[in-house]
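The values are calculated or read from the model by the stated rules, or taken from the named source; none is laboratory data. This one's a predicted model, so the numbers in the text were calculated from it and none came from an experiment. With ideal geometry, Cβ positions are generated from the backbone for all residues, glycine too; neighbour counts draw on all protein chains shown.
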Amino acid sequence: MSELPQERRLVSAVPGPKSEELLARMRATVAGGISVTLPVFVTRAGGGVVEDVDGNRLIDFGSGIAVTSVGNSAPAVVRRATEQLADFTHTCVMITPYEEYVEVAERLAELTPGDHPKKSALFNSGAEAVENAVKIARAYTKRPAVVVFEHGYHGRTNLTMALTAKNMPYKDGFGPFAPEVYRVPLAYGYRWLTGPEHAAEEAAAAAIDVITKQIGADHVAAIVIEPIAGEGGFIEPAKGFLPRIARFARDNGIVFVADEIQTGFCRTGQWFACEDEGIVPDLITTAKGIAGGLPLAAVTGRAEIMDAAHAGGLGGTYGGNPVACAAALGAIETMKELDLPAKARRIGEIMTPRLRAMQEKFPVIGEVRGRGAMIAVELVEPGTKEPNPAVTSAVAKACHAAGLIVLTCGTYGNVLRFLPPLVIGEDLLNEGLDIVEEAFAGL
């Protein structure tokens with residue numbers, strides 16, 4: 001646990017004067033396309049707290065978008081990364097390899113779903129992992145098409161923008177995009193027209209109909225899906241939907257790719273979210289929580305699929321950097337030692353009932369959803385399901401001003417999402433929920 005005091009403290013407005021000064025410098029020199037959710041400039045972070053240049057300490061319900069699940073500067077991450085920094089910082093694994101890369105691949109083979117032979121390739125970001133999963137699937141199947149889902153998010157490269165559903169802010173003005181990408185329905189229970197009880201069966205049937213009639217199953221290299229749609233609004237597909245899609249992929253020789261970049265590494269109360277319904281993907285993409293804050297990503301999957309790409313066809317100068325690999329080994333060590341899947345489940349046990357109690361009090365909350373420490377509330381016009389992005393923004397701003405970092409998401413911009421570090425103390429967790437409730441009460 002961090003030496004940073006685990007308590008909220010406000011000594012100035014949020015943001016304070018020093019952060020305002022730094023923000024002016026940022027606006028003068030940093031590209032305007034880099035947006036900032038909460039312009040407080042950080043000096044220290046650890047556990048469930050972030051400290052800014054003005055001395056404010058904020059409760060962290062964001063984890064750098066699910067990255068610092070083990071906490072900022074977790075001791076094992078710092079120790080292993082520091083030792084590696086002292087030894088060497090880079091050689092490029094494609095030139096002269098090193099053991100840390102191999103160890104990460106071994107841990108991924110051990111931890112990811114399924115007991116079949118597995119191999120991995122390491123990269124820098126989630127988008128790179130997804131893009132390489134598509135490359136591998138195409139090499140293996142000799143097919144061109146890729147199927148993705150409504151509300152999905154997969155990255156900001158040209159191909160992964162094509163895979164991503166939402167236009168603003170991810171795609172607008174950046175086309176044309178990569179071809180042979182097809183989007184099919186997702187079982188979004190809350191918004192399924194015939195009701196959530198029909199969503200899994202009807203959405204799966206609709207998706208399969210599009211694939212078979214409009215694309216041709218024998219043209220599809222990969223089906224890529226998030227087990228819980230992250231940026232799209234923390235949408236957990238209705239139960240039964242994922243198994244049916246995975247079975248269809250298997251029956252038609254299509255590579256089933258689970259994008260676990262936001263859900264993976266204990267976030268949902270299991271090591272990987274697809275375990276919830278017993279899904280064993282052919283390929284799984286990971287990033288975010290894998291390395292405790294250092295840039296690392298991976299594609300892991302069936303050995304025969306991973307070996308389909310020709311020698312030299314996968315790689316990148318920095319992919320699987322030794323310092324990032326060492327950090328990942330420290331993060332995995334922490335996850336095991338502290339049993340972070342159990343801690344994630346406990347966070348869900350605390351957050352979900354409290355948020356549902358708020359739903360009873362505040363009709364603007366249309367749905368509370370999620371698993372483990374990946375929880376969200378969808379905000380609507382009271383008495384309807386009309387999205388309410390204005391209130392979502394107002395609640396987030398009120399939380400920020402009170403010293404709580406929260407994030408928004410959703411295709412309609414109307415979802416508050418909560419991603420606390422899995423090591424957060426229960427007192428901080430409850431204090432943060434108090435702030436959320438106060439923000440709703442102040443509407």
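Here are some notes:
- Taking segment 372-423 as the range and being assigned to a strand (DSSP E or B) and acidic (Asp, Glu) as the test, only Glu378 passes.
- Of all residues making up segment 98-120, the number that are under 17 Å from Asn321 (Cβ atoms) and β-branched (Val, Ile, Thr): 2
- The one condition from (1) touching a helix residue (DSSP H, G or I) at 6+ places or on another chain (Cβ under 9 Å); (2) assigned to a helix (DSSP H, G or I) that Lys213 does not meet is (1).
- Those strands (runs of 3 or more DSSP E) lying entirely in segment 27-94 with at least 1 residues without any contact (Cβ under 8 Å) to a residue 24 or more places away in the chain and over 21 Å from Gly230 (Cβ atoms): 42-46
- For segment 337-356, the condition of being surrounded by fewer than 22 Cβ atoms within 10 Å (Cβ to Cβ), under 18 Å from Val406 (Cα atoms) and free of Cβ contacts under 8 Å to residues at least 24 places away in the same chain holds for at least one residue.
- Just so you know, in segment 100-145 the residues that are small (Gly, Ala, Ser) and assigned to a loop (DSSP other than H, G, I, E, B) include one that is nearest to the chain's Cα centre (by Cα), and it is Ser125.
- Counting only residues that are surrounded by fewer than 24 Cβ atoms within 10 Å (Cβ to Cβ) and either touching a Lys or Arg at 6+ places or on another chain (Cβ under 8 Å) or closer than 20 Å to His154 by Cα (or both), segment 212-230 holds 2 of them.
- Residues of segment 5-26 that are of a type in the set (D, E, K, R) and either under 16 Å from Asp60 (Cβ atoms) or surrounded by 12 or more Cβ atoms within 10 Å (Cβ to Cβ) (or both): Glu7, Arg8, Arg9, Lys18, Glu20, Glu21.
- Comparison of Ala401, Ala396 shows that the only residue that is at pLDDT 95 or above, closer than 25 Å to Val11 by Cα and surrounded by 20 or more Cβ atoms within 10 Å (Cβ to Cβ) is Ala396.
- Selection status of Arg356, modelled with pLDDT of 95 or more, within 19 Å of the chain's Cα centre (by Cα) and assigned to a helix (DSSP H, G or I): no
- Filtering segment 244-303 to residues that are of a type in the set (D, E, K, R) and crowded, with 22+ Cβ neighbours inside 10 Å leaves Asp259, Glu260, Arg267, Asp282, Lys288.
- Residues in segment 395-426 that are within 18 Å of Leu58 (Cα to Cα) and of a type in the set (Gly, Ala, Ser) were compared, and the one that is nearest to the chain's Cα centre (by Cα) is Ala396.
- Scanning segment 368-393 for residues that are surrounded by 15 or more Cβ atoms within 10 Å (Cβ to Cβ) and either more than 15 Å from Gly410 (Cα to Cα) or free of Cβ contacts under 8 Å to residues at least 40 places away in the same chain (or both) gives Val368, Arg371, Gly372, Ala373, Val377, Leu379, Val380, Glu381, Pro387, Asn388, Thr392, Ser393.
- Of all residues in segment 224-251, those satisfying the criterion of being free of Cβ contacts under 8 Å to residues at least 40 places away in the same chain and either closer than 19 Å to His151 by Cα or in contact with a strand residue (DSSP E or B) (Cβ under 8 Å, 6 or more places away or on another chain) (or both) are Lys239, Leu242, Pro243, Ala246, Ala249, Arg250.
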